[in-house]
Structure formats: C-alpha cells, structure tokens
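First comes the structure, then the notes that go with it.
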Amino acid sequence: MEPFSHPNHGKYKVIGTRPIRHDGEDKVTGRALYGADVSFPDLLHGFVLRSPHAHARIRKLDTSKAEALPGVFAVTTAVDLPRLDDKIVSSGEGMENQKYLSDHILASDKALFIGHPIAAVAATDPWIAQEAVALIEVEYEVLDQVTDPDKAMADGAPLLHEKMTTTILGQKEAKPSNICNHTRFECGDLEAGFAEADLVFDREFRTRTVHQGYVEPHTATALARSDGQVTVWSSTQGPFRTREQVAAVLKRDLSKIRVIPMEIGGGFGGKIPVYLEPLAVLLSEKSGRPVKLVMSRADVFQASGPAPAAVSKLKLGFKSDGTITAGKVWMAYEAGAFPGTWGSTGALCVLAPYRVPHALVDVYDVLTNTPKVAAYRAPSSPQALFGVESIMDEAAQELGLDPIDLRLKNGAVEGDSRVDGQKWSRIGFLETLDAAKNSPHYKSPPPSGPNQARATSIGYWFNAGMQSSATVGINMDGTASVVTGSVDIGGSRASMAIMAAETLGLSAEEVRPVVGDTESIGHTDVTAGSRTTFATGYAVYMAATEALEKMRPRVAKLWDCPVEEVNFEEGAFRHAKGKHDPMTVREVAPKLPMTGGPVQGQSSVQPKQVGASFAVDIADIEVDPETGKVTILRYTVVQDVGTAIHPAYVEGQMIGGTVQGIGWALNEEYVRDEEGRMINTGFLDYRVPTALDAPDIETIMVEVPNPGHPYGVRGVGETTVVPPLSTLHNAIARATGVRIRNLPMSPPRVQAALAEQTARPVPASD
Amino acid sequence: MATVHVPALLRHLTGGAESLHLTLPAGERITLRALLERLSADHPGLMDGLLYQGDLMPGIAVIVDNDQSLMGLLTKVEDSSEIRFVPPIVGG
C-alpha cells in the first residue's frame, strides 16, 4: 500500500508529545470539583419517587402528606411540566418526539419502566427528602409488561404508547405498534448474490442490555432566581445540549438557562440525556433555594439510559476464495420506554467495513418496558458487528483462510460504496489489518495448551463532526489561553492545548486550556461521537490561526513594513526578505498594547470531513471447562488513530474501550426477574471488569492522517469497544469448538454451552 | 441528469426504482425541495415520505455528491448532483 502523506505529518514539535495533563494534579489530589461537590449554605436536597412497576397506569397521585412534612420545601409532579407539542426534533443524538420528553422526566398518566420518575421532593437534608417521598400516595393499575424486543414486536404484545405507530422516514404506519422505527438499506440483487456464493451462513445472535458503567452517578444542582434566570451545575457530556433539553422540557428561552459542566467521572454517551436537571430547576423555582439531586447506583442502572439489547439474524454468502457475495440482515434493537432511532445507526454499521455488492438490511427500534436506551461508545455498532465478525471467523475456518487475510480481501477502501450508498473517504482499515498481521503478537506462536486459542476480529466507528467553538487569547507575556465548550471526558483539554501550542509555536505548558460553560463560549455540541479532538480541535486551530493573523499587522508596525512581508512559519513571525530577526509570539505579545491592544482569536466550526476509525483485536485465551471462566492470556488492539495528538490519551482510549468491550463480552448484562425488575443493580453483581480482571493490553497505533483536519485528526475514543465482543467469541469458539451466539459469554453460559456440546449434566444455572 | 437515490422504504412509491433522474439546464441550480417537487409530480407521495410537518424529516441527513449538506431542502443542486438521504451519525 502507498503510504499516505499529510502535509504536516512528521514535522510537529508539540503534537505527538506527552505533556502532563493540565487537570492532572487536581484530579489525583481530589481537588477537582464534580457535580456532587456543588454546595450552598441554603442548599436543599432532592429525592425522586420512582415507579416500582414496569408498566402501570397512574390512577391517583397525592403528595399532600409529603408537602406537610417538616423540612420539605417543594414537591413536583408532571402537572408542573408544560405540555409539549407532538413534534419530532433533531436531538443532536438522532431524533425524538418532544412530547415524550416531559413524560420521560416525570410520568404523567403511565409508568413505563421500573424507576420511571413519578414525583420529586426537595428538603433540608437527603433523609427528610427520602422520608417525604415515602409519604407520597400513588395508586397504580398494573399492566402487562414486555422487556424483550422481539417479544415486544409480536402481535398482541402490550403496547406502551397506544397511539404510536411505526415511523418510516416521514410516513407513519396505520397500525399502533411497539415498533417505533424501521430502517432499510438495499443494494444490488440479493438473490443473485446468494446464488453466486459457494458458502452461505445463516445465523442468529443476541446481546443483552448493558450499562456504560460510569463510576460517577448523575448529579444536577439548580439555582433559580426570581427574575427567571436559572443556573444548573451538571455532570454532563454537553452543557449546550443539557441547556437545550431543559429549555425544551420547561419551555424556556435558552438565554434564561446557564449550564455549568462540572468535571465528569465517566459518561461514554450515557450523560447526554437529562434526567435530573429539569427536576432540580422545578424544585428550585418552587422552593426559592438551590436544590441538588444525585442518583443512587441503583437509580443509575434502572433510570438512566443503558445500551440496547439486540437480536440479529444474519445471512452472509462467500465464494470459495473468501469474497463476500451477499448479505441479508434483520435486527431489532431495544428502544426502551420511549421512541429512539439507534437501530438506524446499527443499519449503517452492520455491513459497512466490507464490500458487499448485494445486500438487504432491515433494522427495527422496538419499545420495551425498560429505561429509554442511550448512547454507549460507538452506539449500535457492537451489537451489529458482533454477528458479522462471528460469521467472518466461521468463514475463515471453513475456507481454510487466515482470518486477517479474509478481511483484507473484503475490506473497504476509499471510494468503495457502503450499503447505504455513501462512498468511503480516506480510511485506514487495510493499514490497520496489515499492522495487526505484522504485530509481534500475531506473529508469535498461538497458544497451544488445552482449551486455548487465538482469534481476531475488527471494529470501527464512523465518528462525528458537528458544531464546536473555541477562543484563543494571547496573554500579555505571550502565553495563551484556549477556551472551548467541550467537556473533557478523556483528556481532550490537553489535546486542545497541544494543538493551540503547535499552531502558535508555544509549548503545551505555555497554553492554559479551559472548559467553558454556556455563557462563556459559543455553541458547542456534545463531547461524544469521538468528535472532540477533531471538531473542537479544528476550532482551536482556526482560532489560533486567527490570533496569529491579527498579530501580523502588529509585527508589521514593529518592523515598519507592509503586512504582506510578514509571515508566521516554523513557530515565529518572519520577514519575507529576511530583513528582521524572527519574533516569537512571546516576543510580540508584550508589544501588543502599543500596537493596537489585546489579541484574541475566535472560531465556530462545523467540519465535515470526518475520518472513520478502524480497530483490529487479537486475543489469546484459555477456557476453564469446569467453571466456564475465560482467562485472557494476551490481548492486542491495533487502531487507526489518524494523528495521535497526545499518544498517552489515545492509548488510554484504546485500552478503556477494550476493557469495556471485554466486560460486555464476558460478564455484563441486565438480569431481570419475571416482573421486569433488574436484580443486579450494583457493581458487585453487575460485573464490570476491575483492574484485577483486565489483562495487560498492548496498543499499536497506526497513523493514517485524516485529510479533513489540519493536523490529520481522526476520532479514536469509541471504536475499540466494538471488537472484543467478537474477538473473544471467536477465541472461545476456536478453543472449544462451540460458538456462543448469546452474550454475555459468562461462566454459566460457557459451562452450559460446553455441557450441551458434550451432553453431560451440569448444575442448574441462569 | 440530477440523480436522487430513493430510500429503500420509499421505493414502493417509485415503482421499485432505486433512483430517479431529472435533467436540469446547464448552469441552473435549484433547491432540493424544488427538485423533489418536480420528481413527485410523476411519483406521488415521494415528497411526503421525506417530509415531516412541511420540512425534511429530522434525523435525515442529505448527502450531495458524497458530501453531507447541512442545508436540508435548501441545498442547491445542479444537473450533475447525486443526492442520497441517510440517518445521521452521532455517537457516545
């Protein structure tokens, strides 16, 4: 393959180095302020009454006893929320009907999931608030519930929203249904494609609901003033998005609401929707005092937005040389209690990494009596690619092909069309596969002991662009500040400082990055979609460039020459004819007052040439046939990272995503009883990998710069959660001969699968 | 000819046609709305399938010549334009 050259690549002075992160000391000393740290002398504490039923009509709601309890200053229910129009709006994370927004915050006539908020109380301390909630009288008419997406699609399933019909683009079907969205892509001639195949696989896969597992629960504090201005402190991935949602639910102007993002202890997509903020605002308005709400761990699991369960039926055809001829996909994604469109993202992902000339993809979003799902790191891609990558591995085994070679044969390159018709731009899929094939891990002898094996798999994420703003201020001594609207959930503020420093010819330590709020910086979309270093970094670059451009005439004044003779190159202002010694930003800055005053650059961008990112994982494992436990002996993740602005944080993203994917593959799931109640609502029983579980993970960064960014940035944060599901599935299959197509591959499931294979009795397990 | 690739779920409105074409005079640029209106004359319901309350359905991205347009139905197209409608990419 021809190496790709980006004009600036390899010439950086700051990009690619590893300065200590600017927020590091505060984070490791406990000085950093998180949502729960917000405090006021007259602060009230909120507590939420939540439905104990998965599906119930609310016949009666009486809060009078709660209101009368000493120490209680406010109680709020759905009657305090304005009725919102039946209108579909773009939410920044897909589309949603705003009439459901208020019902999601506080149930009006129906409780649709266990944990659905019914009322909220503010009191002088959390225990009085909790006591008051227990005094609220609710009369429920319990209804039949459904928690599996395929059962919810069936005729006769209990309907969550009796009047809702399936939305297909701009059309609505006539018949009420729990199917809220249907996406279809079609290309070529499916029948002809399968007719060409020498080998066809027809398989069904199932993944369970999982949670993002952020350690910090949701928090919100609101202070409402008598003039209608409201300030909200929130653990959020996007203060502007939080403000929009609060304004939409409460029908307020955006200018009336200020959202200050606190440091965030994990989000992964789960802290984009609002849950507590509108409640905090209502309680503050009613009480006249600031109000704080913090979710418990059980509330986080039951009442925030997990990642959807999914069922997929996949059929793939191959020629005997491994060429994919056709693909047929049917998938149903759990939507939770309110409509969403994550299935459409799955439809875009499922066959995208490969050239599939003939394909039909049908994906459904299905309402269930479970919390409304939210984004989780490459949302919908893990569920979609799990099955495809399993079949790719089966095909490699059946055809006697190296699994990486099979993917190299079919892997998409620039110019290839996806099933939705769009063409790939410059991507690094083949380079990443090559790097994996040539890695020390892959080249080493595979494990050969009993029940040991090696396997590989891939993942990818499109990445997003969206809107970002930044300002770069030149201090009087030539150091700089950079203010952005992007919450830092993975080290991005260090990357902003690095990109500003690279542009200005400064060191990273000479640039101070700041995360602004909704009143201190221009509109910026959420920190999500692996877009922050790309899009906000683009804004930082443009703002820094603007600052330099404003300084050129100042230098011209100092040199008494035309501004056209002043250029900024290689970290300094230089005279075109060499008549003056170069001047750095630090040398020019003290002269700014005498040449026209302070200088600041500003930029708001919406960059479009987003670069997708691919990852390839290699895992060596051992399966204990007695216990079903899978031990990871060695793990490598290879990813196309564009340009690694701060390599340590890129490695951190690669490792973090991989560990989450390992948990998804081997242990994590919502376990529900027959009433739809989640019974493992704590980290003891909802088993995320801890530091003791996670293997050492070797990271290999492949840099294929994105031509759409001045520094070649490609988003990296999400892709690596995708491959572990199928990598570990493939490894277990190669070690044991059994393909477990039902996640997670937890010890009881592995035990059961092995027992079924050998037809020997096993102890009863779930 | 300007080409509109018909979303799979709307092909029942176009007799199964995967794409529709319209010749525009050289140099003429019209809005995507105008283009769809002209095409809908022969394929009733096509425009309605893409609209919600009079505007492009929220959550549908317009791709013109493999590049996302943020202007929705106001996007200007010309005789060589190739238009697709896809879900937008977001993330977590």
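Within the range A:707-715, does at least one residue satisfy the condition of being surrounded by 22 or more Cβ atoms within 10 Å (Cβ to Cβ), within 14 Å of another protein chain (Cβ to nearest Cβ) and not in a helix (DSSP H, G or I)?
Checking the range A:707-715: at least one residue is surrounded by 22 or more Cβ atoms within 10 Å (Cβ to Cβ), within 14 Å of another protein chain (Cβ to nearest Cβ) and not in a helix (DSSP H, G or I).
If I filter the range A:477-497 down to residues being assigned to a loop (DSSP other than H, G, I, E, B) and modelled with pLDDT of 95 or more, which single residue comes out as farthest from residue A:603 (Cα to Cα)? Let's see the steps before the verdict.
Initial filter on the range A:477-497 (assigned to a loop (DSSP other than H, G, I, E, B)): A:477-479, A:485-491.
With the extra rule that they be modelled with pLDDT of 95 or more, the set shrinks to A:477-479, A:485-488.
Working: A:477: 23, A:478: 20, A:479: 19, A:485: 12, A:486: 14, A:487: 17, A:488: 19 Å.
Filtering the range A:477-497 for residues that are assigned to a loop (DSSP other than H, G, I, E, B) and modelled with pLDDT of 95 or more, the one farthest from residue A:603 (Cα to Cα) comes out as A:477.
From the residues in the range A:585-612 that are part of a strand (DSSP E or B) and more than 14 Å from chain B (Cβ to nearest Cβ), which one is surrounded by the most Cβ atoms within 10 Å (Cβ to Cβ)?
Filtering the range A:585-612 down to residues part of a strand (DSSP E or B) leaves A:600-605.
Filter once more, keeping what is more than 14 Å from chain B (Cβ to nearest Cβ): A:600-603.
Details: A:600: 15, A:601: 27, A:602: 17, A:603: 21.
Residue satisfying both the conditions and the ranking: A:601.
Have a look at A:515, A:563 and point out the one that is under 29 Å from residue A:269 (Cα atoms) and modelled with pLDDT of 95 or more. If you could, list the steps in order and put the result at the bottom.
Values: A:563 fails: under 29 Å from residue A:269 (Cα atoms).
Result: A:515 is the single residue among A:515, A:563 that is under 29 Å from residue A:269 (Cα atoms) and modelled with pLDDT of 95 or more.
Only residues that are surrounded by 20 or more Cβ atoms within 10 Å (Cβ to Cβ) and more than 14 Å from chain B (Cβ to nearest Cβ): list them for the range A:165-185, please.
Across the range A:165-185, the qualifying residues are A:177, A:178.
Would you check if residue A:59 is assigned to a strand (DSSP E or B), charged (D, E, K, R), in contact (Cβ under 8 Å) with a residue 12 or more places away in the chain and within 27 Å of residue A:370 (Cα to Cα)? Working first, answer last.
Numbers: assigned to a strand (DSSP E or B): yes; charged (D, E, K, R): yes; in contact (Cβ under 8 Å) with a residue 12 or more places away in the chain: yes; within 27 Å of residue A:370 (Cα to Cα): yes.
When the stated conditions are applied, residue A:59 passes them.
Within the range A:460-491, take every residue that is more than 20 Å from the chain's Cα centre (by Cα) and among the hydroxyl-bearing types (Ser, Thr, Tyr) and give me the one that is nearest to the other protein chains (Cβ to nearest Cβ).
Quick first cut of the range A:460-491, residues more than 20 Å from the chain's Cα centre (by Cα) only: A:469-483.
Keeping just the survivors that are among the hydroxyl-bearing types (Ser, Thr, Tyr) gives A:469, A:471, A:479, A:481.
Details: A:469: 16, A:471: 23, A:479: 33, A:481: 28 Å.
Among those that are more than 20 Å from the chain's Cα centre (by Cα) and among the hydroxyl-bearing types (Ser, Thr, Tyr), it is A:469.
Going residue by residue through the range A:519-533, is there one that turns out to be assigned to a helix (DSSP H, G or I), within 30 Å of residue A:273 (Cβ to Cβ), at pLDDT 95 or above and within 14 Å of another protein chain (Cβ to nearest Cβ)? Step through it out loud before you land on a result.
Start the filter on the range A:519-533 by keeping residues that are assigned to a helix (DSSP H, G or I), which leaves A:532-533.
Right, trim to within 30 Å of residue A:273 (Cβ to Cβ) and you get A:532-533.
Remaining after also requiring at pLDDT 95 or above: A:532-533.
This time we only want the ones that are within 14 Å of another protein chain (Cβ to nearest Cβ), so: A:532-533.
Yes; the residues of the range A:519-533 include at least one that is assigned to a helix (DSSP H, G or I), within 30 Å of residue A:273 (Cβ to Cβ), at pLDDT 95 or above and within 14 Å of another protein chain (Cβ to nearest Cβ).
Picking from A:133, A:138, which residue would you name as being touching a helix residue (DSSP H, G or I) at 6+ places or on another chain (Cβ under 9 Å) and touching a residue at least 60 places away in the same chain (Cβ under 8 Å)? Show your work before the answer.
On the way: A:138 fails: touching a helix residue (DSSP H, G or I) at 6+ places or on another chain (Cβ under 9 Å).
Answer to the selection: A:133.
So which of A:662, A:697 is of a type in the set (Val, Ile, Thr), out of contact with any Phe, Trp or Tyr (no Cβ under 6 Å at 6 or more places or on another chain) and in contact (Cβ under 8 Å) with a residue 40 or more places away in the chain? Give the steps one after another, and end with the answer.
Details: A:697 fails: out of contact with any Phe, Trp or Tyr (no Cβ under 6 Å at 6 or more places or on another chain).
Checking each option against the conditions leaves just A:662.
Residue A:560: touching a residue at least 24 places away in the same chain (Cβ under 8 Å), out of contact with any Asp or Glu (no Cβ under 8 Å at 6 or more places or on another chain) and more than 24 Å from residue A:506 (Cα to Cα), yes or no? Before you say what the answer is, go through the steps one by one.
Working: touching a residue at least 24 places away in the same chain (Cβ under 8 Å): no; out of contact with any Asp or Glu (no Cβ under 8 Å at 6 or more places or on another chain): yes; more than 24 Å from residue A:506 (Cα to Cα): yes.
Answer is no for this residue.
For the subset of the range B:39-92 comprising residues that are at the interface with another protein chain (Cβ under 7 Å from one of its Cβ atoms) and among the small types (Gly, Ala, Ser), which member is nearest to residue A:414 (Cα to Cα)?
B:91
Filter the range B:16-38 down to the residues that are closer than 17 Å to residue B:76 by Cβ, within 14 Å of chain A (Cβ to nearest Cβ) and without any contact (Cβ under 8 Å) to a residue 40 or more places away in the chain and list them by number.
B:36
Mind counting the residues in the range A:266-314 that are in contact with a strand residue (DSSP E or B) (Cβ under 6 Å, 6 or more places away or on another chain), among the hydrophobic types (A, V, I, L, M, F, W, C) and under 22 Å from residue A:73 (Cα atoms)?
Here the count works out to 9.
Can you tell me which residues in the range A:367-411 are of a type outside the set (Lys, Arg) and within 12 Å of chain B (Cβ to nearest Cβ)?
Keep residues of the range A:367-411 that are of a type outside the set (Lys, Arg), which gives A:367-371, A:373-376, A:378-406, A:408, A:410-411.
Listed by number, the residues that qualify are A:373, A:374, A:375, A:376, A:378, A:379, A:380, A:381, A:382.
Going by the structure shown, is residue A:200 β-branched (Val, Ile, Thr), under 27 Å from residue A:461 (Cα atoms), away from chain B (no Cβ under 14 Å) and more than 23 Å from the chain's Cα centre (by Cα)?
Numbers: β-branched (Val, Ile, Thr): yes; under 27 Å from residue A:461 (Cα atoms): yes; away from chain B (no Cβ under 14 Å): yes; more than 23 Å from the chain's Cα centre (by Cα): yes.
Taking the combined requirement at face value, the residue satisfies it.
Given the criterion modelled with pLDDT of 95 or more and touching a Lys or Arg at 6+ places or on another chain (Cβ under 6 Å), identify the matching residue among A:706, A:667.
A:667
State all residues of the range A:412-459 that are away from chain B (no Cβ under 14 Å), of a type in the set (Ser, Thr, Tyr) and surrounded by fewer than 22 Cβ atoms within 10 Å (Cβ to Cβ); if no residue qualifies, say none.
A:439, A:442, A:444, A:448
Quick one: residue A:127 ticks every box in (1) free of Cβ contacts under 8 Å to residues at least 12 places away in the same chain; (2) in contact with a helix residue (DSSP H, G or I) (Cβ under 6 Å, 6 or more places away or on another chain); (3) surrounded by fewer than 17 Cβ atoms within 10 Å (Cβ to Cβ) except a single one, so which number is it?
(2)
In the range B:34-50, is there at least one residue being within 19 Å of residue A:181 (Cβ to Cβ), exposed (fewer than 13 other Cβ atoms within 10 Å of the Cβ) and not polar (S, T, N, Q)? Full working, then the answer.
Within the range B:34-50, the subset within 19 Å of residue A:181 (Cβ to Cβ) is B:48-50.
Those still in the list that are exposed (fewer than 13 other Cβ atoms within 10 Å of the Cβ) too: none.
So far as the range B:34-50 goes, no, none of its residues is within 19 Å of residue A:181 (Cβ to Cβ), exposed (fewer than 13 other Cβ atoms within 10 Å of the Cβ) and not polar (S, T, N, Q).
State whether one or more residues within the range A:221-234 are over 22 Å from residue A:46 (Cα atoms), within 23 Å of the chain's Cα centre (by Cα), modelled with pLDDT of 95 or more and away from chain B (no Cβ under 14 Å).
Taking the range A:221-234 and keeping what is over 22 Å from residue A:46 (Cα atoms), we get A:227.
Narrowing further to those that are within 23 Å of the chain's Cα centre (by Cα): none.
Looking for residues that are over 22 Å from residue A:46 (Cα atoms), within 23 Å of the chain's Cα centre (by Cα), modelled with pLDDT of 95 or more and away from chain B (no Cβ under 14 Å), one finds none in the range A:221-234, hence no.
The values are calculated or read from the model by the stated rules, or taken from the named source; none is laboratory data. Given the structure is predicted, the values throughout are model-derived calculations rather than measurements. For neighbour counting, all protein chains shown are included, and Cβ atoms are generated from backbone atoms with ideal geometry for every residue, glycine included.
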